[in-house]
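> My structure is below; once you've seen it, I'll send some questions.
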Amino acid sequence: MAVQERHLLICGPEPAADWQCLHTLLASAAVVGLCRPEEEAMLRAALSPGWRHQGGRAERLCHGDTRPLLSTGAKPAAAVVVGSGGSGGKRRWCLQPLDHLQRAARALVGWPAEMCGSGHKMLPLALAGLANPLPLHHVSGLMPALRSQALDIPHRFLSRRQWRDRTQRPSLRDWGLVLVPSQLQWLMGEPGGVDWLRQLSCCWVGGAPLPPALRQQARCSGLNLSPCYGSTETSAMVTALAPRQFLAGAEGYGLPLPHVALRSVPVPGSPGVLEIRTPVLTPGFLVEGCLLPLPLENGWWRTTDSARLEPHGLQVLGRMDEAINSGGETVFPEEIEACLVGLDGLKAVLVVGVEDVHWGQRLVALYRGTVPVAVLEKAVSGRPPAERPKQWLHCPPLAPNAQGKWERRRWRSWAERNAPYGS
């Protein structure tokens, strides 16, 4: 009977070395779990029995079940296990076959090729290489290395110092770069950051909502941004807005890539919930060593995002599982946060719903920084009453988790402890 080695790779401060180790393991058709050191116990629990890490970067399974998790014909199929989500306070561990990731990587060959408004076909980007400051244990940090192979161009990992220290930033003229919005915002606020970003042919930004104020600032600075949408479950990026369209004023996250179909299905309290169909969806999640299949309906996977599909592509309104019912109205906190991000002195902001007798859920905004509350209130004064926070709480420790996600449940508990209504 066929067997399949299973490995646990604890990612360290040298992603290039981790990549070489991972590349070797995948070439042997192994299944490799990827995580940062702080998540080792959590990943062990998901992958148990029989996975272990000891001493080196990766350790082969020494006991337990070695039956293939996936197979193509008579041979085991190589795969990775990477973390997904975290915003709801519970990490899930997603199995992604290597051939899914490679197919998703090939989707950028010839991109962008959609028709622009004038009826002319847009030319594909000619990239000199792909640079990546994201961690390898995140699907968005894993994919650039595979995309560079598909595009046959160089790839390089960027350490934290290389992109944060002005004197260490490498020349990346005509390269592509992947960032999350918090990295983009930080770079644009640092000396030399905007000039460094201007040299890029494309800067894909995803992993979290891109606030309107930051979009406009990047557009006015002439940055070749490509806001994109995707998830671990979809092998990362499934839509991307072409830089030329971004600079021309198009909003949203672009049209689906060639291997993806999207639809917005009407549901109560929302214009529609986003559903995705693609051959690179994850087979499922690992729970205590067993594969829990991804729930599908006729091949469609229902996300937790409320969305509209418009001529320039996908418009994401907010997460359905984070929507707040306030005064009988459905409120998406991300929309409120987006109109606040970019205010002078505001370092972070998060809107949560606290149980309330009169409102159902009372909107409470947590913020970090020196911005006066009066400025925050003025910024939302034009929104409907249900979308104006009833309380503003200064929260010095406010920050996303290590994956860049907001743990809303955690911060809602903080709000409940620190500001009873009427205080």
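Rundown of residues vs (1) modelled with pLDDT of 95 or more; (2) in contact with a Phe, Trp or Tyr (Cβ under 8 Å, 6 or more places away or on another chain); (3) in a helix (DSSP H, G or I); (4) of a type outside the set (F, W, Y), yes/no style:
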{"position": "S140", "(1), (2), (3), (4)": "no, no, yes, yes"}
{"position": "L146", "(1), (2), (3), (4)": "yes, no, yes, yes"}
{"position": "Q149", "(1), (2), (3), (4)": "yes, no, yes, yes"}
{"position": "D195", "(1), (2), (3), (4)": "yes, no, yes, yes"}
{"position": "P209", "(1), (2), (3), (4)": "no, no, no, yes"}
{"position": "G222", "(1), (2), (3), (4)": "yes, no, no, yes"}
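> Which one of the conditions (1) in a loop (DSSP other than H, G, I, E, B); (2) among the aromatic types (F, W, Y); (3) in contact with a Lys or Arg (Cβ under 8 Å, 6 or more places away or on another chain) does F246 fail to meet, given that it meets all the rest?
(1)
> Return the total of residues in the range 344-357 being touching a residue at least 12 places away in the same chain (Cβ under 8 Å) and out of contact with any strand residue (DSSP E or B) (no Cβ under 8 Å at 6 or more places or on another chain).
1
> Please specify each residue of the range 197-207 satisfying the condition of being part of a strand (DSSP E or B) and either outside the structural domain of V139 (by TED's automatic domain parsing) or in contact (Cβ under 8 Å) with a residue 60 or more places away in the chain (or both). Full working, then the answer.
To start, the set of residues in the range 197-207 that are part of a strand (DSSP E or B) comprises 202-205.
The one that is part of a strand (DSSP E or B) and either outside the structural domain of V139 (by TED's automatic domain parsing) or in contact (Cβ under 8 Å) with a residue 60 or more places away in the chain (or both): C202.
> Give me the residue from the range 155-182 that is outside any helix (DSSP H, G or I) and of a type in the set (A, V, I, L, M, F, W, C) and, out of that set, surrounded by the most Cβ atoms within 10 Å (Cβ to Cβ).
Checked the range 155-182; the qualifying residue surrounded by the most Cβ atoms within 10 Å (Cβ to Cβ) is L177.
> Out of S235, S231, I need the residue that is at positive phi, within 14 Å of the chain's Cα centre (by Cα), in contact (Cβ under 8 Å) with a residue 60 or more places away in the chain and surrounded by 23 or more Cβ atoms within 10 Å (Cβ to Cβ). Which one?
None of the other options fit; the residue is S235.
> Sticking with this one: Which numbered condition trips up E275, out of (1) among the charged types (D, E, K, R); (2) under 19 Å from the mean Cα position of the chain (by Cα); (3) over 30 Å from D344 (Cβ atoms); (4) at pLDDT below 95?
Single failed check for E275: (4).
> From (1) closer than 30 Å to S231 by Cβ; (2) modelled with pLDDT of 85 or more; (3) polar (S, T, N, Q), pick out the condition that doesn't hold for Q361.
(2) is the only condition that Q361 fails.
The values are calculated or read from the model by the stated rules, or taken from the named source; none is laboratory data. Everything quoted here is computed from the prediction, not taken from an experiment. Note that we place each Cβ from the backbone using ideal geometry, even for glycine, and neighbour counts take in every protein chain shown.
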